[in-house]
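These notes are about the structure you will find just below.
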Amino acid sequence: MDGTFVSAVLLLLLVCDPFGNIPIFIAALRDVPRERRRMIILRECVIACAVLTLFAFVGQPFLRLLGLSEVSLQIGGAVVLMLVAIRMVFPTKEGVYGTSPGGEPFIVPLAVPALAGPSALATVLLLVSRSPAQSLEWVLAIAVVMAICALVLAFAEQLQHWLGERVTVAFERLMGLVLAAIAVELMLRGIRTFAATL
């Protein structure tokens, strides 16, 4: 595995933000029996993995159909990442993505948009558009990230108890700051690429 694979895993991990999603998952699964929670978390991570993998393969034709360039995707993806980063650093009462009322969640809001949200989809499209020949590597990166997310979220309640709510919130804000820096870098690259075409 080369550096691009590792950087893809790290970028997707920051975007999917399993530690930041701990409060969302705890809130969404509060009314679900304890013995069902891990099964639901695993199911939602598998669904999110399937959505992101599907996007890795149909994303490029979808872009061509809409007539969008790679530069517009790069700058647009950077804007979405920046918005997510801002909400991570300055959270609202509903959290980054909000939560759904009672019952057993299915796909929304846990798989989509908490894990496979607009920023994750834009990041996958960005990776594939930069190196279409490495599609299988990107799919493997998605699978690794979802496995890590499943592991972290399966122990969400224990992690929040061990780390404490303040540490969890501080970690999420730190990840938001790192994500904001990545968004700025992607935006600058997109602007440089666009400027070179003028």
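The values are calculated or read from the model by the stated rules, or taken from the named source; none is laboratory data. As the structure is a prediction and not an experimental result, all values here were calculated from the model. Cβ sites come from the backbone with ideal geometry, for glycine too, and all protein chains shown count toward neighbours. SASA here: full protein model, heavy atoms, side chains in, ligands and nucleic acids out. Shrake-Rupley method; radii C 1.70, N 1.55, O 1.52, S 1.80 Å.
Structure notes:
- Between the range 51-78 and the range 99-170, the alpha-carbon center distance in angstrom: 19 Å
- Computed extension gain for Leu68 through Ile107, at 0.36 nm per residue and net of the alpha carbon distance, reaches 11.2 nm.
- Label point distance in nm, Leu54-Arg166, each placed 7 Å from Cα along Cα→Cβ: 4.4 nm
- Helical content alone sets the calculated 222 nm signal of the chain at -25500 deg cm²/dmol, taking -39,500 (n - 2.57) per DSSP H segment of four or more residues and averaging over every residue.
- Per residue, the chain exposes an accessible area of 51 Å² to a 1.4 Å probe, with every protein chain left in place.
- For the Cα trace of the range 25-67, dividing Rg by the Kirkwood Rh returns an Rg/Rh value of 1.27.
- A straight chain from Glu137 to Ala196 at 0.36 nm per residue would run longer than the Cα-Cα distance by 18.3 nm.
- Mean Kyte hydropathy of 0.0 or more with a Cα span along the axis of at least 27 Å, helices from DSSP in the chain: 34-66, 70-89, 135-154, 165-197
- Solvent-accessible area of the range 1-58 (1.4 angstrom probe, protein heavy atoms only): carbon and sulfur portion equals 71 percent.
- Rounded to the nearest 20 debye, dipole of the range 102-198 from Cβ charges on Lys, Arg, Asp, Glu: 420 debye
- Sorted on the mean count of surrounding Cβ atoms within 10 Å across their residues, most packed first, peptides 55-62, 162-169 read 55-62, 162-169.
- In terms of the mean number of neighbouring beta-carbon atoms within 10 Å, the peptides 110-122, 42-54 order highest first as 110-122, 42-54.
- Of all accessible heavy-atom area on the range 67-198, the percent that carbon and sulfur account for (1.4 Å): 72 percent
- Judged by the mean number of other Cβ atoms found within 10 Å, the most tightly packed of the peptides 144-150, 34-40 leads the ranking 144-150, 34-40.
- Accessible surface of Ile191, taken over heavy atoms with a 1.4 Å probe and every protein chain present, rounds to 90 Å².
- Gained length - Val32 relative to Phe5, 0.36 nm times residue gap less alpha-carbon distance: 6.1 nm
- Dipole axis of the range 132-198 (+1 Lys, Arg; -1 Asp, Glu on Cβ), positive-most option in Gln158, Ala170, Gly190: Gly190
- Two-site label geometry, Ala147 and Val89: point separation in nm, points 7 Å out along Cα→Cβ: 3.3 nm
- Taking only the alpha carbons of the range 49-198, we obtain Rg and Dmax values of 16.8, 54 Å in that order.
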